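Visitor: What follows is a single structure, and I will ask about it in a moment.
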Amino acid sequence: MSLAICPGSFDPLTLGHLDIISRAANMFDHVVVVVMANSGKNPAFTVQERYAFIQRSVCDLPGVEVDTYDGLLADYCALRDATAVVRGLRVMSDFEYEFQMALTNNSLHAKTETIFLPANREYMFLSSSVVREIARYGRDISTFVPRAIAADIQAKLCGKEIKHECG
Ligand code: PNS
C-alpha cells in the first residue's frame, strides 16, 4: 500500500492545501495529513483547532486521514513507513526552503522521498498568512478556505461570526 504524508502547519487550512491533498489522494492509496510545528512560525490556531478544521474539510475524500505529530517529519515518516512526503510549490521562492527540507528529511531517514506538486494556478497567491490577514480585517474568506470552516476561522480572528460576507 502506498502512503503519502501531507505535512504542514495549516494555520489554517486553505483551498490551496486542500487541492494538494486531494491530488495526493488520487496518486496514493492512503494520505495522512499531519499537523506539525514549524519552529519559524507562531500559530494563531491551536493544534486541536487546526486538526478539526482539516477533519471537517477532508471528510468527503476517501483514503485521507488526519493526524498531529510533535516531532520531526522524518521520524513520523519512519513511524508510518511512508512512501513519500507531498508538498505543494507555489512560486520559485518556495523552492529553496522546500529543497532544503526535502534533503534534510532524506538525510535523517533515507526512505523519505519528497514529491512536489505545482500549485493550482487559481491558488498560487494563497497562503495561510494571507487568509489570516484578510480575516482579521473582517473581509469574507469563503473563497480562500473550505466553506465548512470559513465562519469559524473568521469568528476567531475578527471576533465576528460571518457566514459568507463580512463588513
Ligand atoms: O506549512 P508549513 O509551515 O510550511 O510546514 C512546515 C512543516 C511543519 C512541514 C515543517 O516545519 C516540519 O517538517 N516541521 C516538523 C519538524 C521538522 O521535521 N523539522 C525539520 C524540517 S527541515
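Visitor: For the chain, which whole percent of the accessible surface, found with a 1.4 angstrom probe, sits on carbon and sulfur atoms? Can you show the working numbers first?
Guide: Working: 4710 of 8900 Å².
Answer for the chain is 53 percent, counting heavy atoms of protein chains only.
Visitor: What distance in nm separates the simple spin-label points at residue 48 and residue 9, each placed 7 Å from Cα in the Cβ direction?
Guide: A separation of 2.1 nm, rounded to one decimal place.
Visitor: How would 107, 127 line up by accessible area, probe 1.4 Å, largest first?
Guide: Numbers: 107 90, 127 25 Å².
Per-residue accessible area, sorted high to low, gives 107, 127.
Visitor: I want to check the label-to-label distance for residue 109 and residue 156. Put each point 7 Å from Cα in the C-beta direction and report it in nm to one decimal.
Guide: About 2.6 nm, to one decimal.
Visitor: Looking only at region 99-114, which residues have a backbone nitrogen under 13 Å from a spot 7 Å from the Cα of residue 75 in the C-beta direction?
Guide: Hits in region 99-114 for residue 75 at 13 Å: 109.
Visitor: Give the calculated FRET efficiency between residue 140 and residue 116 to the nearest 0.05, with a Förster radius of 35 Å applied to their Cβ-Cβ distance.
Guide: 0.70
Visitor: Would you mind checking which residues have amide H under 5 Å from residue 5's amide H? H placed 1.01 Å from N; only 5 or more apart, or other chain.
Guide: 32, 84, 85, 86
Visitor: Could you provide, to the nearest whole Å², the per residue accessible area of the chain with probe 1.4 Å? Before the final figure, lay out the partial values.
Guide: Values: 8900 Å² over 167 residues.
Per residue, the chain has 53 Å² of solvent-accessible surface.
Visitor: Whenever you get a sec, line up 137, 69 from highest to lowest accessible area (probe 1.4 Å, protein heavy atoms). List each step's numbers first, then the result.
Guide: Values: 137 175, 69 65 Å².
The ordering from most to least exposed comes out as 137, 69.
Visitor: Okay, moving on. Just check region 17-167 against the gyration tensor rule for me: Cα atoms, a ≥ b ≥ c as the square roots of the eigenvalues, rounded for a/c under 1.5, and otherwise prolate or oblate depending on whether a/b exceeds b/c.
Guide: On the way: a/c = 1.81, a/b = 1.70, b/c = 1.07.
Verdict is prolate for region 17-167.
Visitor: Once the piece of chain linking residue 94 and residue 129 is laid out straight, how much longer is it, given 0.36 nm per residue of separation minus the C-alpha distance between them?
Guide: Working: separation 35, 0.36 × 35 = 12.60 nm, distance 1.44 nm.
Here the segment from residue 94 to residue 129 would lengthen by 11.2 nm.
The values are calculated or read from the model by the stated rules, or taken from the named source; none is laboratory data. Computed from a predicted structure; not experimentally measured. Quick reminder, even Gly has a Cβ in these numbers, built from the backbone with ideal geometry, and neighbours come from all protein chains shown. The area values use the complete protein model at the heavy-atom level, side chains included, leaving out ligands, DNA and RNA. Shrake-Rupley method; radii C 1.70, N 1.55, O 1.52, S 1.80 Å.
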